[in-house]
Amino acid sequence: KNLRLIRLLDPATELLPKKDIRSVCSGLLVQDADVGIEEAERVVSKRQPTESELNAMRFGWRVVKHVKSNAIVYAGPDRTLAIGAGQMSRVDSSRIAIWKAQEAGLSLKGSALASDAFFPFPDGLLAAADAGASCAIQPGGSVRDEEVIAAADEREMAMIFTGVRHFRH
């Protein structure tokens, strides 16, 4: 009489989009889960990245996926150098990461900048260049992408667009 049947789907056989669910005040935020599907890398700068820069960008891209947005990661080919996260603006996250690296006595010269979402303005990228970053990886997709690419070219930075953001709420 009070019997309820619930059918559980087998994720190995059922093709359902994965969702990430978070509680927010008196409700829920449901968003597509970042399942780590490899993105298409596209060099958008005039300068091509070196093999070492490419490795550093890919490493930073894997790390930034797990950082609370607005996330900025400065990376080498095999290590994280600095992280800035959870700020209202991407440039503030970049500045916090730079400050943390300075506090730890780490140089960001030649590092790769990874951003979980596009740069809406060139300022975050320019802060990274001033700190010593030589390349950047980001999703792209801003209405100001051309300005950001021009800023990268002015600073002779290599830059890659992935086409997919890792934005985490």
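The values are calculated or read from the model by the stated rules, or taken from the named source; none is laboratory data. For clarity, every value in this text was computed on a predicted model and none was experimentally measured. We place every Cβ from the backbone using ideal geometry, glycine too, and count neighbours over all the protein chains shown.
Looking across region 71-88, the residues that are surrounded by fewer than 24 Cβ atoms within 10 Å (Cβ to Cβ) and over 20 Å from Arg155 (Cβ atoms) come down to Pro77, Asp78, Arg79, Thr80, Ile83, Ala85, Gly86, Gln87, Met88. Annotation for region 94-104: at least one member residue is of a type outside the set (A, V, I, L, M, F, W, C) and at pLDDT below 95.
Go through the residues of region 39-46 one by one and say whether even a single one is modelled with pLDDT of 95 or more and farther than 18 Å from Pro139 by Cβ. Yes: region 39-46 contains one or more residues that are modelled with pLDDT of 95 or more and farther than 18 Å from Pro139 by Cβ. Checking each residue in region 127-138 for being assigned to a loop (DSSP other than H, G, I, E, B) and in contact (Cβ under 8 Å) with a residue 60 or more places away in the chain picks out only Ser134.
Screening Glu147 with (1) assigned to a loop (DSSP other than H, G, I, E, B); (2) more than 16 Å from the chain's Cα centre (by Cα) gives one miss only, at (1).
Determine if region 85-104 includes at least one residue that is within 11 Å of the chain's Cα centre (by Cα) and over 13 Å from Ala136 (Cβ atoms).
Yes; the residues of region 85-104 include at least one that is within 11 Å of the chain's Cα centre (by Cα) and over 13 Å from Ala136 (Cβ atoms).
Does at least one position in region 82-102 carry a residue that is of a type in the set (A, V, I, L, M, F, W, C) and part of a strand (DSSP E or B)? Yes: one or more hits.
Name the one entry in Arg42, Arg90, Arg95 that is closer than 20 Å to Val148 by Cα and in contact with an Asp or Glu (Cβ under 9 Å, 6 or more places away or on another chain). Reasoning before the result, please.
Working: Arg42 fails: in contact with an Asp or Glu (Cβ under 9 Å, 6 or more places away or on another chain); Arg95 fails: in contact with an Asp or Glu (Cβ under 9 Å, 6 or more places away or on another chain).
Of Arg42, Arg90, Arg95, the one residue that is closer than 20 Å to Val148 by Cα and in contact with an Asp or Glu (Cβ under 9 Å, 6 or more places away or on another chain) is Arg90.
For residues that are hydroxyl-bearing (Ser, Thr, Tyr) and under 24 Å from Glu146 (Cα atoms), scanning just region 45-84, find the one that is farthest from the chain's Cα centre (by Cα). Explain how you work it out, then say what you get.
The initial filter retains those residues of region 45-84 that are hydroxyl-bearing (Ser, Thr, Tyr), namely 45, 50, 52, 69, 74, 80.
Applying the additional criterion that residues be under 24 Å from Glu146 (Cα atoms) yields 45, 50, 69, 74.
Values: Ser45: 18, Thr50: 20, Ser69: 8, Tyr74: 10 Å.
Among those residues, the one meeting the criterion is Thr50.
Being assigned to a loop (DSSP other than H, G, I, E, B), modelled with pLDDT of 95 or more and surrounded by 19 or more Cβ atoms within 10 Å (Cβ to Cβ), is that true of even one residue in region 57-65?
Quick first cut of region 57-65, residues assigned to a loop (DSSP other than H, G, I, E, B) only: 65.
Next, from what is left, pick out any that are modelled with pLDDT of 95 or more: none.
No, there is no match, as no residue in region 57-65 is assigned to a loop (DSSP other than H, G, I, E, B), modelled with pLDDT of 95 or more and surrounded by 19 or more Cβ atoms within 10 Å (Cβ to Cβ).
Please find, within region 105-123, the residue that is nearest to the chain's Cα centre (by Cα) out of those that are in a loop (DSSP other than H, G, I, E, B) and among the small types (Gly, Ala, Ser).
The first filter runs over region 105-123 and keeps only residues in a loop (DSSP other than H, G, I, E, B), leaving 105-111, 116-122.
If we keep only those that are among the small types (Gly, Ala, Ser) too, we end up with 105, 107, 110-111, 117.
Values: Gly105: 24, Ser107: 20, Gly110: 18, Ser111: 15, Ala117: 5 Å.
Among those residues, the one meeting the criterion is Ala117.
Residue selection: Gly140 satisfies the criterion of being of a type outside the set (A, V, I, L, M) and over 17 Å from Arg155 (Cβ atoms).
If you take the residues of region 109-126 that are of a type in the set (A, V, I, L, M) and either free of Cβ contacts under 8 Å to residues at least 24 places away in the same chain or farther than 16 Å from Glu156 by Cβ (or both), which of them is surrounded by the fewest Cβ atoms within 10 Å (Cβ to Cβ)?
To start, the set of residues in region 109-126 that are of a type in the set (A, V, I, L, M) comprises 112-114, 117, 125-126.
Still in the list and also either free of Cβ contacts under 8 Å to residues at least 24 places away in the same chain or farther than 16 Å from Glu156 by Cβ (or both): 114, 117.
On the way: Ala114: 32, Ala117: 19.
Out of the qualifying residues, it is Ala117.
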